[in-house]
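Before any comments, here is the structure.
The values are calculated or read from the model by the stated rules, or taken from the named source; none is laboratory data. Keep in mind that this is a model prediction, so the values were computed, not measured. When we count neighbours, we look across all protein chains shown, and the Cβ atoms used for this are built from the backbone with ideal geometry, even at glycine. The protein model used for the area step is the full one, side chains on, heavy atoms only, and it has no ligands, DNA or RNA in it. Shrake-Rupley method; radii C 1.70, N 1.55, O 1.52, S 1.80 Å.
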Amino acid sequence: VLGGGTTLWRVPDPEITFLGALVEDNGTTTLVGERPYRGNAPRSIPGKTAGVVTQFNGDRITVVGDALSCSRLHSVARLTNGQLVACGDWGAIVRVELGVVEFVASICGGHLLAIAPLPEGGAVTVGVGGHALSLGPKLDAQLEAVQTTRDLLCLTTSDDGQAWAGSAQARLVRRSTASGTSSWVRMSGDIGVSSSMVAVAAGPRTVRAIGDDGTVVEGRLA
């Protein structure tokens, strides 16, 4: 709280690294990331870490669970049907329900860095190499065309249902649906900056993005 006190939230494993978070109005905070893989069973994915989900209700920890079939989780979102879904390395999609962390599928070969819900149901998720996929309410995935091969680092959906993503080299792309097919159209031309867009927010007529060097970019739709 601005001008107020702070509370230290402690987790049971000091080796957890958190990479993404979702804060909800009901007081639930979900954090996702990675921690060392301590199992003995061989896995089909590279890496020595496992995805981890930690959830708080207020300042009380309620869930700590591993997604052993993925190495790292980057982002988490609440879908309109109530599902809590996270994305991560090697295309991992993970569902969290009633305190259980369930690996759903690996939907692509790239690392998925951000996920956001769609108002009509399902979600969109983006990641390295210009990967962008839509997820249906049952988490079935569909690859979508993107007008950049740069890593897509951040993602947002506006109140009117538009999805925007930011990437390396100050590129912004917007999801467009025509004739039942969705693609991501590059909206930013050469604006004279080369920073990577690490956060993005959008309204019906404007979009703002923040670069990794502190650059703030604003665009307005005609």
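Counting only residues that are among the aliphatic types (A, V, I, L, M), outside any loop (DSSP other than H, G, I, E, B) and free of Cβ contacts under 8 Å to residues at least 24 places away in the same chain, region 191-222 holds 2 of them. The numbered conditions (1) more than 22 Å from P137 (Cα to Cα); (2) in contact (Cβ under 8 Å) with a residue 40 or more places away in the chain; (3) among the acidic types (D, E) are all true for E15 except (2).
Within region 54-101, restricting attention to residues that are in contact with a Lys or Arg (Cβ under 6 Å, 6 or more places away or on another chain) and aliphatic (A, V, I, L, M), the residue that is nearest to Q142 (Cα to Cα) is V85. In region 60-95, what residues are under 16 Å from the mean Cα position of the chain (by Cα), of a type in the set (A, V, I, L, M, F, W, C) and surrounded by fewer than 22 Cβ atoms within 10 Å (Cβ to Cβ)? Within region 60-95, L79, L84, W90 meet the criteria. Among residues that are surrounded by fewer than 15 Cβ atoms within 10 Å (Cβ to Cβ) and more than 21 Å from Q162 (Cα to Cα), G203 is not included.
Tell me yes or no: at least one residue of region 175-187 is within 17 Å of the chain's Cα centre (by Cα), farther than 23 Å from R78 by Cα and open to solvent by less than 70 Å² (accessible area, probe 1.4 Å). Looking for residues that are within 17 Å of the chain's Cα centre (by Cα), farther than 23 Å from R78 by Cα and open to solvent by less than 70 Å² (accessible area, probe 1.4 Å), one finds none in region 175-187, hence no.
So is I45 within 14 Å of the chain's Cα centre (by Cα) and either surrounded by 14 or more Cβ atoms within 10 Å (Cβ to Cβ) or in a strand (DSSP E or B) (or both) or not? Spelling it out, it is not the case that I45 is within 14 Å of the chain's Cα centre (by Cα) and either surrounded by 14 or more Cβ atoms within 10 Å (Cβ to Cβ) or in a strand (DSSP E or B) (or both). Might you let me know whether region 115-133 holds any residue that is over 24 Å from A168 (Cα atoms) and aliphatic (A, V, I, L, M)? No, the conditions are met nowhere in region 115-133. Scan region 1-35 for residues that are open to solvent by less than 70 Å² (accessible area, probe 1.4 Å) and charged (D, E, K, R) and the total you get is 4.
Let's see how each residue does on (1) under 24 Å from V207 (Cβ atoms); (2) surrounded by fewer than 18 Cβ atoms within 10 Å (Cβ to Cβ); (3) not β-branched (V, I, T):
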{"position": "V100", "(1), (2), (3)": "no, yes, no"}
{"position": "V104", "(1), (2), (3)": "no, no, no"}
{"position": "E120", "(1), (2), (3)": "yes, yes, yes"}
{"position": "A123", "(1), (2), (3)": "yes, no, yes"}
{"position": "L135", "(1), (2), (3)": "yes, no, yes"}
{"position": "T148", "(1), (2), (3)": "yes, no, no"}
{"position": "G161", "(1), (2), (3)": "yes, yes, yes"}
{"position": "G166", "(1), (2), (3)": "yes, no, yes"}
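Look at region 69-82: where a residue is within 10 Å of L31 (Cα to Cα) and a partner is at pLDDT 95 or above and of a type in the set (S, T, N, Q), sitting 6+ places away or on another chain with Cβ atoms under 8 Å, you get S75/T125; V76/T30. Restricting attention to region 133-153, which residues are in a loop (DSSP other than H, G, I, E, B) and either touching a Leu at 6+ places or on another chain (Cβ under 8 Å) or not acidic (D, E) (or both)? Listed by number, the residues that qualify are G136, P137, K138, L139, E144, Q147, T148, T149, R150, D151.
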